[in-house]
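Undergrad: First the structure, which I've put down as structure tokens, then a few questions once you've had a look.
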Amino acid sequence: MRYAVLSDIHGNREALGAVLEAMAGDNTDACLFVGDLVGYGADARACVADLAALKPQVLIAGNHDWGVLNLLGMDYFNEYAAAAVAWTKKALRPKELEYLKSFKLVFEDEKMTIVHGALDRPAKFNYVLDAEDAAVTLRLSRTPVCFVGHSHAPGIFRLDDQTAHSSDAGRITMEAGNKYLVNVGSVGQPRDGDPRACYAIYDDEAATVEIKRVTYDIEKAQAKIVKAGLPAWLAARLAEGR
Ligand code: ZN
């Protein structure tokens, strides 16, 4: 199977559309979603419809999805994120909220684990930012690969002797017997200095994971954010990739 692994779409329909177009050339069989479908962007409703149409095999809840559902207290969020959560609560219809409610905190089968943030306390939505954080999640993971999102910065880590080592490669071939953590980055609000939409392709037969980037119409997404009355910083940061 070849999977497209998408995370942190954040109501950015332009970015999601560009990723869906690129995915058409990736020969994928299924999609896995790692959380934060809404929040920050102005197209929450359209992104719910677009993701639902893809029928992802796995749907994981992010902190913004939970914030909109009142499952996570507003003290978790900074002022910009809180404003976006409040805006999104008003924008979504009951049926769309029901869709978000179907998202799970953790998925695990024999091949992979999927969680939005750190695996030790998934409902706390802690970040996996460095090798130390990655080691905590990798030691708990029981599968060859664990996919995370949340930090909006793509990254790959491998566990050796209980220590996580990061890899700079954008594409890895996983060795049997090792455990890998892959942060698939963010579709709709990258924060690693590269403003292009980010996602990953996982091929379980070839045991490869590839991080991919695609350009999208950033100005269009920015204009929608401003027009919606969301904080201007949420538009500005898209161009900076932070
Ligand atoms: Zn996010």
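Undergrad: Would you check if there is a residue in segment 220-240 being touching a Gly at 6+ places or on another chain (Cβ under 8 Å) and without any contact (Cβ under 8 Å) to a residue 60 or more places away in the chain?
TA: Yes, segment 220-240 contains at least one residue that is touching a Gly at 6+ places or on another chain (Cβ under 8 Å) and without any contact (Cβ under 8 Å) to a residue 60 or more places away in the chain.
Undergrad: Quickly run through segment 28-51 and pick out the residues that are in contact (Cβ under 8 Å) with a residue 60 or more places away in the chain and among the acidic types (D, E).
TA: D36, D43
Undergrad: With modelled with pLDDT of 95 or more, on the phi > 0 side of the Ramachandran plot and of a type outside the set (F, W, Y) as the only criterion, which of G185, G177 stands out?
TA: That would be G185, the only listed residue that is modelled with pLDDT of 95 or more, on the phi > 0 side of the Ramachandran plot and of a type outside the set (F, W, Y).
Undergrad: (1) under 27 Å from V38 (Cα atoms); (2) touching a helix residue (DSSP H, G or I) at 6+ places or on another chain (Cβ under 6 Å); (3) of a type in the set (S, T, N, Q): which one isn't true of S166, the others all being true?
TA: (1)
Undergrad: While we're on this one: Quick one: is L97 over 13 Å from L181 (Cα atoms), touching a residue at least 40 places away in the same chain (Cβ under 8 Å) and over 14 Å from the mean Cα position of the chain (by Cα)? Break it down stepwise before answering.
TA: Working: over 13 Å from L181 (Cα atoms): yes; touching a residue at least 40 places away in the same chain (Cβ under 8 Å): no; over 14 Å from the mean Cα position of the chain (by Cα): yes.
No; evaluated as a whole, the condition is false for this residue.
Undergrad: Right, another one. Cβ-Cβ distance below 7 Å, separation of 6 or more or different chains: which pairs start in segment 162-191 with a residue that is among the basic types (K, R) and end on one that is outside any loop (DSSP other than H, G, I, E, B) and surrounded by fewer than 22 Cβ atoms within 10 Å (Cβ to Cβ)?
TA: From residues that are among the basic types (K, R), the pairs are R171/T208; R171/E210; K179/L159.
Undergrad: Which one of these does K89 not meet: (1) surrounded by 20 or more Cβ atoms within 10 Å (Cβ to Cβ); (2) in contact with a helix residue (DSSP H, G or I) (Cβ under 6 Å, 6 or more places away or on another chain); (3) more than 26 Å from L119 (Cβ to Cβ); (4) not acidic (D, E)?
TA: (1)
Undergrad: Test of understanding: among G35, G17, G25, which residue is closer than 30 Å to E205 by Cα, of a type in the set (G, A, S), surrounded by fewer than 24 Cβ atoms within 10 Å (Cβ to Cβ) and in contact with a helix residue (DSSP H, G or I) (Cβ under 8 Å, 6 or more places away or on another chain)?
TA: Numbers: G35 fails: surrounded by fewer than 24 Cβ atoms within 10 Å (Cβ to Cβ); G25 fails: in contact with a helix residue (DSSP H, G or I) (Cβ under 8 Å, 6 or more places away or on another chain).
Among G35, G17, G25, only G17 is closer than 30 Å to E205 by Cα, of a type in the set (G, A, S), surrounded by fewer than 24 Cβ atoms within 10 Å (Cβ to Cβ) and in contact with a helix residue (DSSP H, G or I) (Cβ under 8 Å, 6 or more places away or on another chain).
Undergrad: For segment 121-163: of the residues being of a type in the set (D, E, K, R), surrounded by fewer than 16 Cβ atoms within 10 Å (Cβ to Cβ) and more than 18 Å from the chain's Cα centre (by Cα), which is nearest to M74 (Cα to Cα)?
TA: Applying the filter and picking the extreme gives E132.
The values are calculated or read from the model by the stated rules, or taken from the named source; none is laboratory data. Treat the numbers as computed from the prediction; the structure is a model and nothing was measured. A quick note on method: Cβ atoms are made from the backbone with ideal geometry, for glycine too, and the neighbour counts reach across all protein chains shown.
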